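Colleague: Just passing along the structure, written as structure tokens.
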Amino acid sequence: MSTAARCARRTAAACCSAALLFLATMIPFCSSFATIKKTSRPAPALSTRLHQLSPSRYARRGVKVPLLVDSSDPRCYDVPLPNSHLPADLTTASLYEIKVDIPVHRAVMKEAFSNMSDDGCCYGHVVQAAGVDDLVGAIGCCGMILVGGSKDQREMDDSGPLYILARGSFRFQVTEIVKSFPYPIALVDELLDNDVDATGLHDIGDGDDIYDTMDPKDLVRQILRAVDEILKVQLEEATKPSTPLERSLVPAELAEQRQIDAEERIAVLQTFMSSLLDIASDEGERLYAVAMMAGELANLPSDVRVQMITTQNGTERLRLVLRELASILSLDSARRMAKSLSLGNGSDQVPTDAASLMEAEDAKKELQVGSPSLPVWASQIKKGIGIEYWWDETVGWSVGTVVEDPVKVIDELIITVTFDDDGSTHRLPLKGDEKARWRPPQGSTGFFD
């Protein structure tokens, strides 16, 4: 393991310790659950292997959980994503808090807290169902309750809201309702992705958009790059000097917490990437793990999370996630561009104070200092042209032909080339910082034509 990876793992472990310390400090405030009997049975150790594509004997079957039905729009709560396939030090960015003030939902949480299963104190968060009275076949994600109770230690009656700190556990599908009043209690089976052969793991999509032309390995690589870029932008935003207006609106403690959160997510991502082969040695497992981790770290919205939970096709889930990540990056680029244009658009509404001018100037510099752009001649590459690609010191330059029109994904081109020497076809990236690996065939005019 590299020094950087070891440092990232240590940072993530430190963040995990901090989260556990935070939980310990919250326990005295959990007065609403003070009278609930807790089992002394220890929770099982988390496995570093994925359950999702393991043989059926490893899948959870017949787990009894109370159901929190939240399948209609607008949703009452944030949708959790499954995390039981990860080691504990990679789930620190996945904790979520929900305020439960609907009486029947409060009862669901107390039921979960008083009946610990092998997966801890779990409730079933239903995200898709035919109806509130037709829950057999409903799909959702179990949430593991870590801490629950009232934030006000003096509030002892049952009418006040509960604050639940939880973490997503595993996807499920309801197989039987064992009790329906006053809230549903069900037997659920873990929802698995389809078999690798059935999902068409190496199939290309129907070509409706650029992501349908990408195979799973390209999707994984692009997703990890996109998440890394999003988290770096978030860290830059959290660490840059704030304007007087921002300081008046955002408490210093909140600004500091944003920076800590951004640093923690980057550490988790680095540790995840360095440990991916250990966590998920099977290719199908990696598709699942990468998509779910990206959803957590990029904090994707609930409607996207519902689709991630309900789909059983690993490749389609990756495409869904990458589309959303690309949208986030596009919106961020547009925001930065708007800031840079505010220096010279001539509008009377443009702020002229020193702080605003400095912020706009910084935005312009960010646009200029970013990743190297694609070369101008990249626009000349199209299906049918000859091209040379530098593999490495051993192979050197290889001559080939572009067999498909290039596809632009975020800040790079995906070029499909069939090489003359062995007839093999490869999808290769053309990035701004690696443009020296590409050139026109020797003896040509020096341009792609």
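The values are calculated or read from the model by the stated rules, or taken from the named source; none is laboratory data. A quick note: this is a predicted structure, and the numbers were derived from the prediction, not measured. No Cβ is skipped: glycine too gets one built from the backbone with ideal geometry, and neighbour counts run over all protein chains shown. Heads up: the accessible areas ignore ligands, DNA and RNA and are worked out on the full protein's heavy atoms, side chains in. Shrake-Rupley method; radii C 1.70, N 1.55, O 1.52, S 1.80 Å.
Colleague: Which net charge results when you count Lys and Arg as +1 and Asp and Glu as -1 among the other residues whose beta-carbon is under 13 Å from that of Ser180?
Modeller: Values: positive: Lys179; negative: Asp133, Asp134, Glu176.
Net of charged neighbours comes to -2.
Colleague: Quick one: length gained pulling Gln128 to Gln442 fully straight, 0.36 nm per residue minus the C-alpha distance? Can you show the working numbers first?
Modeller: Working: separation 314, 0.36 × 314 = 113.04 nm, distance 5.81 nm.
The Gln128-Gln442 span can extend by a further 107.2 nm.
Colleague: Suppose R0 equals 51 Å. What FRET efficiency, 1/(1 + (r/R0)^6) with r the Cβ-Cβ distance, do Val136 and Glu237 give to the nearest 0.05?
Modeller: Numbers: r = 46 Å, r/R0 = 0.89.
Calculated transfer efficiency: 0.65.
Colleague: Quantify, in whole percent, the carbon and sulfur part of the accessible surface of region 274-334 (1.4 Å probe; protein heavy atoms only).
Modeller: Here it works out to 48 percent.
Colleague: Moving to a separate point now. Kindly state, to the nearest 0.05, the FRET efficiency for Met273 paired with Lys179, given R0 = 45 Å and r defined as their beta-carbon distance.
Modeller: FRET efficiency, Met273 to Lys179: 0.55.
Colleague: Can you work out the FRET efficiency for the pair Glu253 and Arg323, with r the C-beta to C-beta distance and R0 = 30 Å, to the nearest 0.05?
Modeller: Computed FRET efficiency for Glu253 and Arg323 comes out at 0.30.
Colleague: Also: Here is the link list: Lys99/Lys240; Lys383/Lys435; Lys240/Lys408; Lys232/Lys382. Which ones come out longer than 23 Å on Cα distance?
Modeller: Over 23 Å apart, Cα to Cα: Lys99/Lys240; Lys240/Lys408; Lys232/Lys382.
Colleague: State, to one decimal in nm, how far the label point of Asp228 lies from the label point of Asp215, with both points 7 Å from Cα in the Cβ direction.
Modeller: 2.2 nm
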